[in-house]
Structure formats: structure tokens, C-alpha cells
Amino acid sequence: MKVIKTKLNYSNYYILLDLDTIKIGDVISFDIFIQKNDDFVIIIEAGTLISENLYNKLKNQKSLYIHKDKGKDEDKQILSCESLRHYIRHSRDDVEKRIKVLYDVNDQLFDIFLTNKENKINIECLHLIVQSIIYLVKYDASFLKSTIPYFVNDNMLKNHSLQVAIYALVIGNILKFKDDDLLKLGVAALLHDIGFKKIDETIINKKSMLTPQEISLMQKHSQHSVEIIEQNKIHDPYIINAVMHHHERYDGSGYPNQLMGDEISNFASIVGICDVFDALTNNRPHREHYSSFNALKMMMRDKDMVNKFNQNYLHLFLKSFL
């Protein structure tokens, strides 16, 4: 039983826990506290599996406490993020549960980012999400094949970003990237489209054809993403490059700099492939989604797409579905 002392900042953030709401075999998603003098001490960390022995120890405690649900949104997010790695490890063999907890914590990360005027990103939470994906990708060789049926099919920024990050880390793992590089790739993939926050929603949601001026404004989302990332003190050149250039194409038809072939970094190439793949495999107002196989086949063979991507990465990506 790990004991971690925490400062009591808001005594009214703690309420009594009814132990009857917990049963043996549960993996709890919140910290459990006891009170000592004028302070509260964590006796069970979020993400812990409740064994029979542990349950009996809890029964012997006079009073148990948890955080109130009405705490600050930021505090709730930090608590959820901190519990993520523990919860992922306990749920690593439950395909549906492990992806659900990733969506839940990612939702909090993006919801707070999208609703604050300062464009603040919880970097610690961001890293924990990426590290959790890396752990699952390395743990389960068939991670993508078994998990993709549970992916959310919509066009929401937060879900698209998470799915692109998962795809990118699958490719990075196949390429045997080191953990530090996987972390950078995952961060770039998760943040590649956050600049859309600065684009007028009427343009983003427009169902009719965009005007040349509107297209130009939409294409600025890459630059806006970089601005927000740097605003949050992320200056790693590999991350910045991948975010800025994930719309560059091998035939020079991309943006913003019309880079060609090897001028495009490995990270940017990977994120670009995953970005397009996720778009193709999700419904759009004008079409139904494509299957994973058909989407990859289009990216490899369609006359309008065949020369736009790194074909080696595409073939490696295809193998992850087999």
C-alpha cells in the first residue's frame, strides 16, 4: 500500500467514501484518502486493483475520503491524467476498456484546451496519454487490429487527433523508433490540428465548396498549430516540423512550402499519412467512410493520391492490419 502525502488546499474538496460502492476486483479510477490531523493522505492511488486483502484493510479504516466531483475542472483533469497509466496497465487486456479510458482522458485534455482563451495545454497530461499509447502498442502486437473496431467515427477534433496519434505510434513502433522519438511523434500527432481552434467555425463546418480565400484560411491551421504549441513552450524542432508540414506531399502538391520527397521529414510523412487515413475512414457529409483496406488501397493506387505519400510507410501501415 503506497502512501503519498498531499497538501490540503481545499478541505471542502473531500467527502466521505461509501465503501459499499467498491467491490473486490474493481480497478478504482480515483484516489482514496484518510484524514490525519489537518491534512489528507492518499492511501490508495487511482488505477489500483482492489484485492481481497486490500479491501479488508480499507474496512479497518475509520473514515475514507475522495475528492468531490465539484472540484476545479483542471484539478479533475490532473487527477484523471495521473491515474491513466495505472488504469491502462490494469485494463491492458480489455480491448474496449483500454480505448475508452484513452478517449475519456483525451476528451478532458481537449475540452479544457478548447474552452480556455489562453490556449493552455496540460503538457503533463499530454505526455501521459502518448506514453499510455506507446505502452499499449508495445504490449500488444495486434493492438491496432483489435482496437480499431472501437474507434469513434466522427469528425470531432479531439477524436481525430487521438486516432491519428495511435496510427502514427503504430507506424513508429514498426519502424523501431526509440521511446524518446515515439514520444515526440505522438505529441506531434496529437497536436497536429489544434490550430483549427483559430479558424472560423463557419468555414470549418461549411458544406458547400470553399472559396479560394476560405481554402487559404483553412490551410493556415498548420501555422496556427505551431503558434499554439510554441506558446505552450514546446520548441522541439522535430515536433514543430511535423506539425507544420503534415500537409506536404511527395509530389510537391502540398502546403505550406510545397516540399517534395525527402525534403519532408519522417515525422511529417507519418502524421500526414495518418491524418488522411483517419479522414478517409470516417464519415463526411458528402460520403460514407471507407474501410481501412480500401482507404489504404486508395492512398497507394488512386491516380490522384498514388504519388503523394511515402509508399514504404504505407505498406508497413497496411501490415499492421493483417
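Laboratory data are not the source of any read-out in this text; all were calculated from the coordinates shown. Just so you know, these numbers come straight off a predicted model, no measurement behind them. Cβ atoms come from the backbone with ideal geometry, glycine included; neighbour counts cover every protein chain shown.
Quick check: residue separation of residue 257 and residue 201 times 0.36 nm, minus the Cα distance between them. What number comes out in nm? Show your work: numbers first, answer last.
Numbers: separation 56, 0.36 × 56 = 20.16 nm, distance 2.50 nm.
Contour length minus Cα-Cα distance gives 17.7 nm.
At 7 Å along Cα-to-Cβ for each site, give me the label-to-label distance between residue 291 and residue 153 in nm.
That separation, rounded to one decimal, is 1.3 nm.
Each residue of segment 20-32 in order: what ³J(HN,Hα) in whole Hz does its phi give by Karplus 6.51 cos²θ - 1.76 cosθ + 1.60, θ = phi - 60°, with x for Gly and Pro?
Ordered by residue, 3J(HN,Hα) equals 5, 7, 10, 10, 4, x, 6, 10, 6, 9, 8, 7, 10 Hz.
Would you please state the base-10 log of I(q)/I(0) at q = 0.08, 0.12, 0.14 1/Å for segment 167-322, with intensities from the Debye formula using one equal scatterer on every alpha carbon?
Log10 I(q)/I(0), no solvent term: -0.23, -0.52, -0.72.
Would you please give the residues with an amide H less than 5 Å from that of residue 44, counting only those at least 5 places away or on a separate chain, with H modeled from the backbone geometry?
Placed amide hydrogens put 32 under 5 Å from residue 44.
What is the distance in Å between the Cα centroid of segment 12-59 and that of segment 140-195?
Each part reduced to its Cα centre gives a spacing of 33 Å.
Measuring from label point to label point, each 7 Å out along Cα→Cβ, what is the residue 301 to residue 104 span in nm?
4.2
Taking the Cα-to-Cβ direction at residue 283 and at residue 139 and moving 7 Å from each Cα, how far apart do the two end points lie in nm?
Output for this residue pair reads 3.2 nm.
Tell me, what are the semi-axes, in whole angstrom and largest first, of the equivalent ellipsoid of segment 173-240 as set by the roots of 5 times the Cα gyration tensor eigenvalues? List each step's numbers first, then the result.
Details: eigenvalues 169, 39, 15 Å².
Calculated on Cα positions only, the semi-axes equal 29, 14, 9 Å.
Rank these for me by crowding, 250, 87, 139, going from fewest to most other beta carbons within 10 Å. Each step should come with its number before you reach the end.
Values: 250 20, 87 24, 139 13.
Ranked by crowding around the Cβ, least crowded first: 139, 250, 87.
Over the Cα atoms of segment 97-222, how large are the radius of gyration and the largest Cα-Cα distance (Dmax), in Å?
Calculated on Cα positions, Rg and Dmax stand at 15.7, 46 Å.
Please list the non-local residues whose amide H lies under 5 Å from the amide H of residue 251, H modeled 1.01 Å from N, same-chain partners needing a gap of 5 or more.
Result for residue 251 returns 261.
Using θ = phi - 60° and the Karplus relation 6.51 cos²θ - 1.76 cosθ + 1.60, list the HN-Hα couplings for segment 204-214 in order, rounded to whole Hz, with x at every Gly or Pro.
Couplings: 4, 8, 5, 8, 7, 4, 6, 6, x, 5, 5 Hz.
Let me know the whole percent of all Cα-Cα pairs from the chain that are separated by more than 36 Å. Kindly include the intermediate steps, with their values, before the conclusion.
Values: 13266 of 51681 pairs.
Counting every Cα pair in the chain, those more than 36 Å apart make up 26 percent.
Just to confirm the filter: which GluC sites (Glu not before Pro) across segment 92-137 are DSSP coil and have at most 12 other Cβ within 10 angstrom of their Cβ? The partial results should precede the final answer.
Working: sites: 96, 118, 124; in loops: 118.
When the GluC sites (Glu not before Pro) of segment 92-137 are filtered for loop state and at most 12 Cβ neighbours within 10 Å, 118 remain.
At a Förster distance of 30 Å, what's the computed FRET efficiency of residue 118 paired with residue 29, Cβ-Cβ distance as r, to 0.05? Display every interim value, and only then the final one.
Numbers: r = 28 Å, r/R0 = 0.94.
It comes out at approximately 0.60.
Could you please rank 89, 249, 98, 301, placing first whichever residue has the fewest other Cβ atoms within 10 Å of its Cβ?
Details: 89 16, 249 21, 98 25, 301 9.
Lowest count first: 301, 89, 249, 98.
Based on Cα positions only, what radius of gyration and what Dmax would you give for segment 35-178, in angstroms?
Expressed in Å, the Cα Rg and Dmax of segment 35-178 come to 17.5, 54.
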